[in-house]
Amino acid sequence: MESTDKYIGMMLDNRYEILEKVGSGGMAVVYKARCHRLNRLVAVKILRDEFARDDDFRRRFHAESQAVAMLSHPNIVAVYDVNKTADIEYLVMELINGITLKQYMSRRGLLNWREALHFTAQIVRALEHAHSRGIIHRDIKPHNVMVLRDGSVKVADFGIARFTASQSTLTQEALGSVHYISPEQAKGSHIDARSDIYSVGVVLYEMLTGRLPFEGDSAVSVAIQHINSMPLSPREIVPSIPEGLEEITLKAMAADTSKRYSSAHEMHLDLEEFRKNPDILFNYNLNDFDISPEEEEPTKKLPAVSSEAAMAGVGRETGTSRKKVSTMSNDRGRQSRTAAMLVAVLAVLLFTGGLFFFLWQTVISPLLNPESNSVEVPALEGRMIEDVLSNTEYTDNFEIVVSSESVYHRSPAGTIIDQRPSPNRKVNKGEVITVTVSLGEKYIELDNYKDMEYRNAESDLLKKGLKVTEIIREKNDTVLKDNVIRTDPPAKSTLTEGDSVTLYVSLGPDVVQVKMPDLYGRSEEAAKQAISNAKLSDGGVTLVESEKPAGEVVWQSIEPGMLIDEGTPVSIHISIGPPDTPSPSPTEEEPSPSPSGGNNGEGNNEVTKKIPILLDRDKENIHVIVKVNGNVIYDKVVSTENEWLDVYITGKGRVWVDIYFDDVLKYWQEVALTD
């Protein structure tokens, strides 16, 4: 039960109050929280205990998360903060008011191609931004794409999948992600930005056709289809899909990376061309996107599953796996059966060969030649990459590979800050050691935040990698309340990532409150003098018909006795006397009394009219007061979920209606209550 969750009610770093659990995954649990410093709701992702106890994992997770926090794009879920305590590692992200793309597809069913194009273009733009900064998502799927109410999307969990990849095997638990992984991921080969492109293609395929390109009841069977098969053409499933969009989909899903889009930017260009002209044909040869055995990339890694599981998956699923795009269904059936047999044989050969290779490398070869093959992984962290690459002690025994994902770090540029595998392990000579190298400290020029609302300023500082450690409020006659007066250090200062900034925020000018005088019954001149004496401003005079004597104040916009700020405008209504009553014509007959003793004359009957009120929607609730000729006829706190509020007034003749939002006069109008 959620009430037993140990994190509910906890305050992290005296700032983030955990309110409720909103989701969970294999690596972390997501909570809704309140940031007390900025008084806003955020999402906090906390690592599960089994990962948080692994110091090496925590360190790499923290470094990767800090890099992701540098991303700033409207289609990427913003990471505000990366922090850790003694036993808790967590991310602070923007809280998204929406649903996942997977939930959206489940509710809507088959999407039309225009909607699929709209969503895909935004996902690709997000990838374009992330890839330009050296960050690969690794787990693009509809579950990691959030759809907002306005139709925009935000991609979540950038850079996080790299940690689960080393923990997971292709088991049933992996089935959710394996439907979208690229062939090179399924084989355990090296991946790059093109792996994300493949996953986007699968998501687009699912949106266009309402089905996944490959199905299976085990992760292994689905993964093998990604490696060895070609999906049905989307237009064979839904003929109304434009040919150009089908070409884009299948090119993104090309099993051979050299035939796939080389970058998110390249795919974005095609999507944009198609958006401008849906009849466009790119003239891609769809058969080029098939994969044949001689084109497959050899790999040293095999999926971490048993041979029985692999063969069971192959036997169940490859009979329905992909075919080349064809117009003859019988040919497809024969090809499918042939492909199933080939895949089954190939799987056995791969497994047998892989098992032999593994035994040779780990058992047989060390026994035959123990001294020459077994070496200990050195500790490279903290060393300069140039020294390591020039040291034959390292280069003769290992292949040193520098990761493309170098990050800004407080260590000097060129310092190794991470290595895989970890030191002191026994491995074979020639083993690859992948190192991550520091780019040095990231220098940031502090922007001028003067006159910016302080919450926006803090959010921008966090995105730049700086921290707001203190907010000091001061009175200021020239800067609006809640806006930044200055920063410490001052604007244009050069800082490094992680440095602290103090914001000085305006309380606004000193405000003096005065009591609203009673103006009823006074003359116009006397009323204006009273307004001036109270240091209030003239809000205008309106002449109205009234039963009161001409020249008297019959209404004031602010009730007597209320405390209001100096300078507040006050409006008044001045009577011009009662309306003229026409004399009866000598030829007119006297109307007969009504049963109620009243008069049936048209002007004497009361009329009810609806007054529609447009609500301000920048708050969840508004206190609405409606007055008719100074009398309160409606006084309620209402929700702004609906844009309009209907209030009914009853009376006769012409009346003045005044509408207040949260005790402030919003607007007024004259209403004729006549039939």
Open item on the list: Using Cα-Cα distances under 8 Å and only pairs 6 or more residues apart, what relative contact order does segment 2-94 have, in percent?
Closed with: 20 percent
TODO: Within 10 Å, count the other beta carbons around each residue, average over each peptide in 490-496, 505-511, and list them highest first.
DONE: 505-511, 490-496
Open item on the list: No solvent, one uniform scatterer per C-alpha: report log10 I(q)/I(0) for segment 511-579 via the Debye equation at q = 0.14, 0.15, 0.24, 0.26 1/Å, two decimals.
Closed with: -0.38, -0.43, -0.95, -1.08
Task: Cα→Cβ-extended label distance, 7 Å offset, between ARG425 and ARG108, nm - done: 4.4 nm
Open item on the list: If I model a spin label as a point 7 Å beyond the Cα along the Cα-Cβ vector, how far apart are those points for ARG211 and GLU266 in nm?
Closed with: 3.0 nm
- [ ] Take the alpha-carbon centre of segment 132-147, take the same for segment 12-34, and report the distance between them in whole Å.
- [x] 21 Å
Open item on the list: Beyond a 19 Å Cα-Cα separation, which of these cross-linked pairs lie in this structure: LYS45/LYS619; LYS481/LYS515; LYS21/LYS45?
Closed with: LYS45/LYS619; LYS481/LYS515
TODO: Would you mind getting me the FRET efficiency between ILE564 and ASP482? Use the beta-carbon distance for r and R0 = 22 Å, nearest 0.05.
DONE: 0.60
- [ ] Order the peptides 260-266, 9-15 from the highest to the lowest mean number of other Cβ atoms within 10 Å of their residues.
- [x] 260-266, 9-15
- [ ] Excluding VAL632 itself, calculate the net charge of residues whose Cβ lies under 13 Å from the Cβ of VAL632, where each Lys or Arg counts +1 and each Asp or Glu counts -1.
- [x] -2
Open item on the list: What does the charge count around VAL657 come to, taking other residues whose C-beta lies under 15 Å from its C-beta (Lys +1, Arg +1, Asp -1, Glu -1)?
Closed with: +2
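Read-outs throughout are calculated quantities, based only on the coordinates presented, and are distinct from any laboratory measurement. Since the model is a prediction, treat every value here as computed from it, not as a measurement. Using ideal geometry, Cβ is built from the backbone for each residue, glycine included, and neighbour counts are taken over all protein chains shown.
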